[in-house]
Amino acid sequence: MSYVKPTELVQTVIDAGASKVMLSTRDTLIRSIMGGAVLTIAAAFAVTITVTTGMPLLGAVLFPIGFIMLYLLGYDLLTGVFVLAPLAWLDRRPGVTLGGILRNWGLVFLGNFIGAFTVAVLMAIVVTYGFSTPPNEVGQAIGHIGEGRTVGYAEHGAAGMLTLFVRGVLCNWMVATGVVLAMISKDVIGKIFAMWMPIMLFFFMGFEHSIVNMFLFPSGLLLGGDFTIMDYLIWNEIPTVLGNLVGGLVFVAIPLYFTYGRPTSPRRVRAPKRTRATGTAEPVATEPAAAEPAAVEPATARV
C-alpha cells in the first residue's frame, strides 16, 4: 500500500475541498444525488442483513460497502463537504469564500436528500409489493427505527436532544475521518481498508448520520411508522445535521489543518544566561538539539 504522509495528505484534502466549492451546480447536484442514493442503498442492505440473520455486527461490517463505492466514484456527501470545503477556506485558496461554501453545502444537502428519498420510495415498493401488501420484516424494522430515533428522543426532552446532537457529533467525527482516509493511499485496496474502519464503527455504535436518516425516516413514514414529518425534522434531521457539522469541523478539519496544514518551525534554543557574580554561564532548559555529525576521516587508504 502506498502510504501518503499526513502533511501531504492534508494538502490533498485541501485541494479536494477547493475543487468541491468551485464545482458547477449541475455537477454538484448529480454527484450528491448519486452519493445519497448509493449510501442509502447500503443502509437498506445493512438493515436487511441484520433482520434476516439477527446479527447487527454483520450489518455494520458490510455497510461500508456503500460509502466506499461512492467515494471511489467521486460522489459527494454533506458530511464529507462539511470538512473538505472549510479546509480550503482556512488555507485561503483563491475563489473559496464563505458564500461559496454555503452554496456547496446547500446543493449537496438537496442532492443527497433527492437521492436518499428516491431510494426510500423504491425500497418501500420492494418491501410492500408496490404498496399492495403490508411491509415485510425488513419494512417493519425500518419503520420501528424511525419511531425509536424520533419520539424515542422526544420522550427524554432536553436530555434526548443533547443525546441526539452528541450522536451526530460522534458520527461525523468517524465519517469525516473516513473521507480523509480515502486519500491516505494511492492504491484502491489501501483506500478501501482505510475507509472501512471508521464507517463500520459509526454504524454499529448507532450514531446519527444525516444522510442515512434521509432514507430511514421517509421510509418509515411510507411504511406506517408512528411518527410525523415534524417529529423527523425537529427530533432528528436538524439536530443531526448540526451535530455532523460540529463533529467534522472540531474533531477532523481543525486539528488536521493546524498541525499539518500550516508550515511549522522548531522551537528556538535560547542562549545560556550569565550570572552577575561569576560571569559564568547558567544552564537553561532548552529543546534537545539535533546531534552534529561526527567528524569524518579523510578518505585515504589505510595500511
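Here are a few things to note about the model shown:
- In the range 5-23, the residues that are of a type in the set (Gly, Ala, Ser) reach residues that are open to solvent by 60 Å² or more (accessible area, probe 1.4 Å) with C-beta atoms within less than 8 angstrom, at least six apart or across chains, in these pairs: Gly17/Trp89.
- Test: residue in the range 73-86 that is hydroxyl-bearing (Ser, Thr, Tyr), open to solvent by 20 Å² or more (accessible area, probe 1.4 Å), part of a helix (DSSP H, G or I) and modelled with pLDDT of 95 or more: no
- Scanning the range 78-110 for residues that are among the basic types (Lys, Arg) and over 19 Å from Ile211 (Cα atoms) yields Arg92, Arg93.
- Of the numbered criteria (1) surrounded by fewer than 18 Cβ atoms within 10 Å (Cβ to Cβ); (2) closer than 16 Å to Gly115 by Cα, the one Thr12 fails is (2).
- Residue check for Val108: in contact with a Leu (Cβ under 7 Å, 6 or more places away or on another chain), open to solvent by less than 10 Å² (accessible area, probe 1.4 Å), assigned to a helix (DSSP H, G or I) and in contact (Cβ under 8 Å) with a residue 24 or more places away in the chain: yes
- Subset of the range 140-155 that is without any contact (Cβ under 8 Å) to a residue 60 or more places away in the chain and farther than 14 Å from Phe207 by Cα - its residue that is most open to solvent (accessible area, probe 1.4 Å): Glu155
- Scope the range 87-96; condition in a loop (DSSP other than H, G, I, E, B) and open to solvent by 70 Å² or more (accessible area, probe 1.4 Å); matching residues: Arg92, Pro94
- Which numbered condition Met214 misses (of (1) within 25 Å of Ile65 (Cα to Cα); (2) open to solvent by 10 Å² or more (accessible area, probe 1.4 Å); (3) touching a helix residue (DSSP H, G or I) at 6+ places or on another chain (Cβ under 8 Å)): (2)
- Scanning the range 4-51 for residues that are small (Gly, Ala, Ser) and over 16 Å from Arg93 (Cα atoms) yields Ser24, Ser32, Gly35, Gly36, Ala37, Ala42, Ala43, Ala44, Ala46.
- Pair list, Cβ under 8 Å, 6 or more apart: the range 66-90 residue of a type in the set (Gly, Ala, Ser), other residue open to solvent by 10 Å² or more (accessible area, probe 1.4 Å) and not in a helix (DSSP H, G or I): Ala85/Val96; Ala88/Val96
- Filtered by the rule that a residue be surrounded by fewer than 20 Cβ atoms within 10 Å (Cβ to Cβ) and in a loop (DSSP other than H, G, I, E, B), the range 37-72 gives Gly54, Met55.
- Restricting Leu233, Leu245 to residues that are at pLDDT 90 or above, buried (at least 16 other Cβ atoms within 10 Å of the Cβ) and of a type outside the set (Val, Ile, Thr) narrows the list to Leu245.
- Cβ-Cβ contacts under 7 Å between residues 6 or more apart (or on different chains), taken from a first residue in the range 31-47 that is under 20 Å from Phe204 (Cα atoms) to a second residue that is open to solvent by 20 Å² or more (accessible area, probe 1.4 Å) and not in a helix (DSSP H, G or I), are listed as Val38/Tyr75.
- Residue check, Phe113 surrounded by fewer than 23 Cβ atoms within 10 Å (Cβ to Cβ), assigned to a helix (DSSP H, G or I) and in contact (Cβ under 8 Å) with a residue 60 or more places away in the chain: yes
- The range 116-145, subset outside any loop (DSSP other than H, G, I, E, B) and of a type in the set (S, T, N, Q), residue farthest from Ile30 (Cα to Cα): Gln140
- Flag if Pro255 is surrounded by fewer than 18 Cβ atoms within 10 Å (Cβ to Cβ) and modelled with pLDDT under 95: no
- Residue among Ala158, Ala120, Ala124 that alone is more than 21 Å from Ile49 (Cβ to Cβ) and open to solvent by less than 90 Å² (accessible area, probe 1.4 Å): Ala158
- Residues that are under 21 Å from Ile41 (Cβ atoms) and open to solvent by 10 Å² or more (accessible area, probe 1.4 Å) within the range 183-196 comprise Val188, Lys191, Ile192, Trp196, listed in sequence order.
The values are calculated or read from the model by the stated rules, or taken from the named source; none is laboratory data. Fair warning: this is a prediction, and the values are worked out from it, not measured in the lab. Here the Cβ is made from the backbone with ideal geometry for all residues, glycine too, and neighbour counts use every protein chain on show. Each accessible area value is taken on the protein alone, full model and side chains, heavy atoms only, with ligands, DNA and RNA left out. Shrake-Rupley method; radii C 1.70, N 1.55, O 1.52, S 1.80 Å.
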